[in-house]
Amino acid sequence: MTSDDFPPDSPAIEAHEVRRRYAGGFEAVTGISFSVARGELFALLGTNGAGKTSTVELLEGLARPDGGRVRVLGHDPYRERAAVRPRVGVMLQEGGFPSDLTVTETLRMWAGCTSGARPPGEVLELVGLGARAGVRVKQLSGGERRRLDLALALLGRPEVLFLDEPTTGLDAEGRRETWRLVRELREAGTTVLLTTHYLEEAESLADRLAIMHRGRIVTSGTIADVTAERPSRIRFELPAGVAPARLPLALRAAADGRRVDIRTHTLQESLHTLLSWARESGVELRGLDARSASLEEAFLDIAKTHTEREKVAA
């Protein structure tokens, strides 16, 4: 990695009041601000059309902001591309490879344009394509092509890695292996900015995240920060002859027949109340499941809330 004159305690990525407009005046990004510390994995989430890709393209230096400021490793990635590009790896949603080249030939071609490139064999082993080195690109599966995309992004030993939907098309095993590799890269000091539609992926990998909606960041922080405002849930089934109305009044429960769903902001206290009542009443709570709000629940709630507000405002 290259230190140049960039202070080690400065953010690796900065976006300040960033805007991006397209022809016709459509504003895809409407003044967002966030930063990513060195060695941090930051996830940028949002529904389709939220502005994630438009934002990432600005950070990658593929376009100039229409307002605000972007910095990657202390440099403007658009104006100072020569200073930024050798230190950054980019995995796009879909790569374009010459279909008749083999996997190794593709890497060698790309390595010719990459400063300090890893040996092709080394990077292929990293992404689990070692056994496919001599196969033509057109013979690779969709998941294998995504691995090749990742191999190209890692070829130059990047300090900052942009991953745009990195596990699309991978099976469950491939997705988990990619997560393992990304964790190892982060632990080695690589800064990672991730976009993904797999909320489990963000929940598993991200140190912090931001959720975008219609060009704005509507919430950000750690997973715990984002989910803390959403209620935890307790679910179970009551035995025949025990009506939900017998539950303690302190528990706000919704029931569908014998199935009960309790939403609470005080999970430990509510669970203690429920279990004490069940013990004292001799009631078996079948299929008892208690858990904090998931990122998926928080994400869906945020998207629904902001969409409803927009409808009212309109």
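The values are calculated or read from the model by the stated rules, or taken from the named source; none is laboratory data. Owing to the predicted nature of the structure, the values given are computational and were not obtained by experimental measurement. Cβ atoms come from the backbone with ideal geometry, glycine included; neighbour counts cover every protein chain shown. All accessible areas refer to the heavy atoms of the entire protein, side chains included, with ligands and DNA or RNA removed. Shrake-Rupley method; radii C 1.70, N 1.55, O 1.52, S 1.80 Å.
With a simple spin-label model that places each label point 7 Å from the Cα along the Cα-to-Cβ direction, the separation between ALA224 and LEU101 comes to 4.6 nm.
Normalised by the residues of the range 1-102, what does the relative contact order come to in percent, with Cα pairs under 8 Å and at least six apart? Spell out each step's value before the answer.
On the way: 143 pairs, mean separation 28.9, N = 102.
After rounding, I find 28 percent.
Mean-square fluctuations from a GNM of the chain, with a 10 angstrom spring cutoff on Cα atoms, peak among MET91, MET212, MET109 at MET109. Per q in 0.14, 0.20, 0.31 Å⁻¹, report the Debye log10 I(q)/I(0) for the range 37-94, using one uniform scatterer on each alpha carbon and no solvent. Computed log10 I(q)/I(0) values: -0.41, -0.85, -1.40. The equivalent ellipsoid of the range 271-314 has semi-axes of 38, 12, 8 Å, largest first, where each one is the square root of 5 times an eigenvalue of the Cα gyration tensor.
Our estimate of slack between LYS311 and LEU275, defined as 0.36 nm per intervening residue step minus the Cα-Cα distance, is 8.8 nm. Charges were assigned to the Cβ only: +1 to each Lys and Arg, -1 to each Asp and Glu. The resulting dipole of the range 140-180 about its Cα centre is roughly 100 debye. The ratio of the alpha-carbon radius of gyration of the chain to the globular-protein estimate 2.2 N^0.38 Å is 1.22.
Once backbone amide H atoms are built at 1.01 Å from N, GLY67 has ARG19 as its partners under 5 Å, excluding neighbours fewer than 5 places away on the same chain.
Where does the charge balance sit around LEU41 when Lys and Arg score +1, Asp and Glu -1, over other residues with C-beta under 9 Å from its C-beta? Result for the neighbourhood of LEU41: +1.
Based on Cα coordinates alone, diagonalise the gyration tensor for the range 182-314, multiply each eigenvalue by 5, take square roots, and list the semi-axes in whole Å, largest first.
Working: eigenvalues 261, 81, 26 Å².
Here the semi-axes work out to 36, 20, 11 Å.
Using a Gaussian network model of the chain in which every pair of alpha carbons under 10 angstrom is joined by a spring, one finds that among GLY89, GLY257, GLY128 the greatest mean-square fluctuation is at GLY257. Backbone N atoms of the range 28-52 closer than 16 Å to the 7 Å Cα→Cβ label point of ARG216 belong to residues 28-34, 46-47, 50-52. For the chain, the relative contact order comes to 18 percent (Cα pairs under 8 Å, sequence separation of at least 6).
Averaged per residue, the range 25-125 has 45 square angstrom of accessible surface, using a 1.4 angstrom probe with ligands and nucleic acids left out. Straightening the chain between ARG180 and ARG246 buys 19.0 nm, computed as 0.36 nm per residue apart minus the Cα-Cα spacing.
Calculated from the alpha-carbon coordinates, the range 130-200 shows an Rg and a Dmax of 12.4, 35 Å respectively.
If you take the Cα atoms of the range 102-225, find Rg, then find the Kirkwood Rh from the mean of 1/r over all pairs, what is Rg/Rh? Present the calculation step by step, with values, prior to reporting the outcome.
Details: Rg = 15.5 Å, Rh = 15.5 Å.
Result: Rg/Rh = 1.00.
Enclosing the Cα atoms of the range 194-244 in their convex hull gives a volume equal to 141 cubic angstrom per residue.
Could you check which residue among VAL242, VAL29, VAL72 shows the biggest mean-square fluctuation in a GNM of the chain with a 10 Å Cα cutoff? Result: VAL242 has the largest fluctuation of those listed.
Using the Cα gyration tensor of the range 1-104, with a ≥ b ≥ c the square roots of its eigenvalues, what is the shape: rounded (a/c below 1.5), prolate (a/b larger than b/c) or oblate (neither)?
Numbers: a/c = 1.69, a/b = 1.04, b/c = 1.62.
Oblate shape, in that a/c is at least 1.5 and b/c is the bigger or equal ratio.
Counting only Cα atoms, the range 106-165 measures 30, 24, 17 Å along its principal axes, largest extent leading. Here, the range 52-144 has an Rg and a Dmax of 15.9, 47 Å when only alpha carbons are counted.
To the nearest 0.05, how large is the calculated FRET efficiency for LEU62 and SER115 if R₀ is 22 Å and r is the Cβ-Cβ distance?
0.70
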